[in-house]
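Quick one: the structure is below, and I'll ask about it shortly.
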Amino acid sequence: MERFQRQMILPGIGATGQQKLKSSSVLVVGAGGLGCAVLPYLAAAGIGKIGIIDGDKIEESNLHRQVLYSSEQLGFYKVKEAANSIIKNNPGVEILVFEEFLTAKNAPEIFPEFDLIIDATDNLFIRYVINDTCVACGKPFIYGSIHQFQGQVSVFNYEAGPTYRDVFPEEDKYAPNCAEAGVLGTTVGLIGMLQANEAMKVILGIGEVLSGKLLIYNLLSNEQQVFEFGKVVQKKKPHISNSFEMISPEEALLGESVLLDVRELEEKPVLALSNCIQIPLSVLESRLDEISKEAKINVFCQSGTRAISAAKILQKANFQQVKAVRGGASDVAQLIENEVKSVEKQD
């Protein structure tokens with residue numbers, strides 16, 4: 001136990017607390033910026049089993065904040081590279097890798113294997129899936145979120161306490177993610193470490209857990225605020241839903257369908273495709289008559305978040321064949337470019 005000696009001498013930990021950490025299991029949803037901050041500290045602290053779920057691959061734009069990865073790993077799956085990195089620090093940790101994106105379908109199958117869930121995503125829709133599944137399974141949910149130089153941390157569903165829906169009852173469909181709003185590497189680093197800290201407090205049963213409290217930290221002003229909140233009586237129990245299908249950019253380009261671009265008009269890259277129409281999410285509800293309800297519609301944006309919101313709007317308006325494209329316009333543009341190069345090479 002020499003590895004953990006410096007933390008075992010802390011009040012409230014000791015050999016008993018270290019055994020609690022070893023016997024615990026934590027699922028980290030997302031291996032991006034927050035995940036790269038959370039995972040090393042969980043492994044180094046001696047968490048016995050760590051699950052990592054993410055279907056994304058490493059891109060160059062990730063490297064300024066996702067410090068588990070290097071330029072040599074571009075194009076590799078994040079979950080595998082993250083697992084390889086943290087196990088070097090603590091070979092005794094058991095790591096379960098899920099090389100897929102979290103969905104409402106697989107969440108109820110995966111969550112029961114773990115004691116608590118850490119949200120390290122950048123996807124508003126998926127946070128509701130995490131929350132509702134945690135409520136159904138009785139699992140605590142460690143929340144972290146980033147907006148430019150500001151971060152938020154809270155612990156939901158801890159000992160039947162308040163949930164994510166008590167603070168955010170409905171999704172803000174216009175809220176930008178990191179790809180759209182920008183992010184500093186130190187911001188995700190600090191918030192991710194605070195999430196790991198809350199997870200260890202929950203496991204060890206020490207300190208004051210951020211249950212019923214939302215911590216907001218501003219890295220530019222070094223100001224932090226804690227807002228308290230309670231449970232809100234829900235008229236209906238939350239249910240896990242994912243009534244539309246999410247598809248890959250590759251699938252979106254197959255067959256006859258309408259590609260609906262819900263980005264703002266000035267966003268790049270521009271996709272000049274005959275089957276592509278652009279209607280920004282901000283005005284979509286007022287322009288639904290421009291889209292045929294008989295068409296198969298694949299919705300995309302810059303990262304996937306607004307595509308999900310747009311798909312919901314279309315379904316509410318009784319569009320029957322709607323799919324949201326995972327990823328964004330850059331992925332679609334790259335596929336088109338690769339196809340053009342392949343044709344030119346054959347010629």
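Test of the criteria: in region 274-304, which trypsin sites (Lys or Arg not before Pro) are in a DSSP loop and have at most 12 other Cβ atoms within 10 angstrom of their Cβ? Let's see the in-between values first.
Details: sites: R287, K293, K296; in loops: R287, K293, K296.
For trypsin sites (Lys or Arg not before Pro) across region 274-304 that sit outside H, G, I, E and B with at most 12 neighbouring Cβ atoms in 10 Å, the list reads R287.
Now a separate question. Among rounded, prolate and oblate, which fits region 62-197 when a ≥ b ≥ c are the square roots of the eigenvalues of its C-alpha gyration tensor, a/c under 1.5 means rounded, and a/b larger than b/c means prolate?
Working: a/c = 1.68, a/b = 1.19, b/c = 1.41.
Oblate.
Apply the membrane-span-like helix rule to the chain: whole DSSP H runs, Cα extent along the own long axis of at least 18 Å, mean Kyte-Doolittle hydropathy at least -1.0. List the helices found.
Membrane-span-like by this criterion, though nothing is claimed about a membrane: 33-45, 124-137, 185-204, 329-346.
What ranking, highest mean first, results for peptides 183-196, 6-19 when packing means the other Cβ atoms within 10 Å averaged over each residue?
183-196, 6-19
Could you check the simple spin-label distance between K296 and F149, using points 7 Å along Cα→Cβ, in nm with one decimal?
Simple spin-label model gives 4.8 nm for this pair.
Let me ask you something else. Say we join alpha carbon atoms closer than 10 Å with springs in a Gaussian network model of the chain; which of T121, T103, T305 then has the biggest fluctuation?
T103
For region 114-175, which semi-axes, largest first and in whole Å, follow from the square roots of 5 times the eigenvalues of its Cα gyration tensor? Don't skip to the end; give the middle numbers.
Numbers: eigenvalues 73, 31, 22 Å².
Semi-axes (√(5λ), whole Å): 19, 13, 10.
At what distance in nm do the modelled label points of K231 and E285 sit from each other, each positioned 7 Å from its Cα along Cα→Cβ?
3.1 nm
Given Cα pairs under 8 Å that are at least 6 residues apart, what percent is the relative contact order of the chain?
Relative contact order of the chain: 14 percent.
Determine which aspartates and glutamates satisfy two conditions relative to K22: a Cα distance under 18 Å, and not lying fewer than 8 residues away in the same chain.
Once the sequence-local aspartates and glutamates are set aside, what remains near K22 is E2, E94, E113, D115, E198.
Once you have the Cα-Cα distance between K22 and S274, take 0.36 nm times their residue separation minus that, and quote the gain in nm to one decimal.
85.1 nm
Could you work out the mean projected area of the convex hull around the alpha carbons of region 1-143, in square nanometres to one decimal?
8.8 nm²
A further question on this structure: Please report the Cα spread of the chain along all three principal axes, rounded to whole Å, starting with the longest.
The principal-axis extents, from largest down, are 66, 54, 42 Å.
Same structure again: With θ taken as phi - 60° and the coefficients 6.51, -1.76 and 1.60, list the Karplus ³J(HN,Hα) couplings across region 249-256 in order, rounded to whole Hz; mark glycine and proline as x.
Computed from phi, the couplings for region 249-256 are x, 4, 5, 5, 8, 8, x, 9 Hz.
Still on this structure, I have one more. Stretched out fully, how many nm does the piece from E59 to N218 gain, at 0.36 nm a residue minus the Cα gap? Don't skip to the end; give the middle numbers.
On the way: separation 159, 0.36 × 159 = 57.24 nm, distance 2.73 nm.
Taking 0.36 nm per residue and subtracting the Cα distance, the gain is 54.5 nm.
Going down the list K49/K231; K20/K105; K231/K323; K49/K78, which pairs span over 23 Å between their C-alpha atoms?
Check vs 23 Å cut-off fails for K49/K231; K20/K105; K231/K323.
Since every read-out is calculated from the coordinates, none of them should be taken as a lab result. The model shown is predicted, which means the values in this text are computed figures rather than measured ones. Neighbour counts run over all protein chains shown; Cβ positions are idealised from the backbone, glycine included.
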